[in-house]
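Notes for the one structure printed next.
Rule-based calculations on the coordinates, nothing more; no lab input. This is a predicted model, so every value here is computed, not measured. We place every Cβ from the backbone using ideal geometry, glycine too, and count neighbours over all the protein chains shown.
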Amino acid sequence: MNKQISILGTGWLGLPLAKALLKEKYIIKGSTTSEDKLTNLKDVGIHPSLIKVKESGPKGSIDSFLEGSEILIINIPPGLRRNPESNFVDKIRNLMPFIAKSTIKKTLFISSTSVFADQEEFPLITSETIPNASSNAGKQLIQTEQVLRDNPNFETTILRFAGLFDARRHPASMLSKRKNIKNPQAPVNLIHREDCIGIIKRIIEVDHWNDTFNASYPEHPPKAEYYSTICKQMGLKIPDYDYETSSKGKVIDSNNLQNELEYSFTHSLGISTK
């Protein structure tokens, strides 16, 4: 098997993923949009590239970044909350010709469970559920997933993560500072960064492509109950919730992922020290 992997996006998830794959003796090419981070990537053993994925096409050393790799992990945020006018679909669509002419044969796209709309009945979302997002970001992710699936030049697996957290970055820290938080009765859908990395490693290990997975822990307590408990444990102010408006949400089921990949979660919803 080709032991070289290209990771497009080496931020909060991509960098520790790269480090984990380096430990497995993979050769890792990693991209960043910041020139300041090139040295940091090189220092940990990553072959760094400065690349910016634009709507008009990627800018930077995209050809050398892809050269020699069989697997490409696309791990870049749509950035639509900060810039709602941008077109993430075009960014990925105009990346396709560069992937097609490269050595890449398999692509793993890191997506989000936001492709599914929140609803008052808290629907169970399985591997068979058709994405139905109404938000701009959700709809663009749905289109982007399809653009990748439709490309005949490589195989694609879509990996949709629920809310990500670790010991240093927990949503409770942000929510404790807010008031009138909506959807207090909605089910929680979260997954620890270490399990995100574990799932990605497992997909590569078992060579599982042309599939779609939703990834979230099987525990789904109500939002207000869960975050109030976590805030107490962390010594934070208890969030203020809006109980006047009906809650909307969903329950992300990961049974397909656990069964198909034979993957067991290593963390849970509790506070982690990692």
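Structure summary
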{"quantity": "Selection count where residues are on the phi < 0 side of the Ramachandran plot and either crowded, with 21+ Cβ neighbours inside 10 Å or touching a strand residue (DSSP E or B) at 6+ places or on another chain (Cβ under 7 Å) (or both), scope the range 54-92", "calculated": "19"}
{"quantity": "Strands (runs of 3 or more DSSP E) contained in the range 1-55 and holding at least 3 residues touching a residue at least 40 places away in the same chain (Cβ under 8 Å) and aliphatic (A, V, I, L, M)", "calculated": "4-8"}
{"quantity": "Residues of the range 164-219 that turn out to be of a type in the set (A, V, I, L, M) and touching a strand residue (DSSP E or B) at 6+ places or on another chain (Cβ under 7 Å), as a count", "calculated": "11"}
{"quantity": "Output for the range 148-163, where each listed residue is closer than 21 Å to residue 96 by Cα and buried (at least 18 other Cβ atoms within 10 Å of the Cβ)", "calculated": "148, 154, 155, 156, 157, 158, 159, 160"}
